[in-house]
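Enquirer: Sharing a structure with you now.
FYI, it's all coordinate maths here, none of it is from the lab. Keep in mind that this is a model prediction, so the values were computed, not measured. Cβ placement follows ideal geometry from the backbone for every residue including glycine, while neighbour counts extend to all protein chains displayed.
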Amino acid sequence: MSSTVASRLRQISAALQGRHADAAPAAGSGDKKFRVLFVGVDHPHGCAWRKSLQEAGRFEIVGLVPGFGGAITSLEEEYRALPRYADANAALASGLEFEGAVVLLSNREGPPNCVSLAGAGKHVVLEKPGVGTVEDAQAILDAANASGSIFTTAYTQRFSPCAVRLAQMA
């Protein structure tokens, strides 16, 4: 694993453990939660992401971008009162206060939303595959690097000990 990737993973881990200046505090500390804009709520993995964020106890979903033609049919009743936005730019322009976003959109919709979010200094987790071209991926990375935000894809198995060992054996 390159030192850049290892460094990024340490940043993400620290942010999720409450050690980053903008991150959520440790569970049960009574402090403010890490506020999340949820972009692409009807993605097939959306329900699992929402449950994971909720069960972690340190995150609060504060706004939604439906994506996928505006459909939000799978949302649980508890999210009906959350503000909804056409895209990340609309959420940013509204003044909604949030530290990061989970983005689950198509390869066409995802990159411009991620560039806007990362460019505004928001931390971004992008569900795989997330981009269709190298240029789209580079634009997201450039925006994150310029703002100092944390960006990662949600492909967690890439760095599991088993996957790393298999890659070394190939």
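Enquirer: Can you compute the modelled spin-label distance between Ala154 and Thr133, with each label point 7 Å from Cα toward Cβ, in nm?
Expert: Going by the 7 Å Cα→Cβ label model, 2.5 nm.
Enquirer: What FRET efficiency, computed as 1/(1 + (r/R0)^6) with R0 = 22 Å and r the Cβ-Cβ distance, is obtained for Arg108 and Glu60, rounded to the nearest 0.05? Could the numbers behind the result be given before it?
Expert: Numbers: r = 29 Å, r/R0 = 1.31.
In this case the efficiency is close to 0.15.
Enquirer: Note down the nm distance, to one decimal, between modelled labels 7 Å out along Cα→Cβ at Leu96 and at Asp142.
Expert: 2.6 nm
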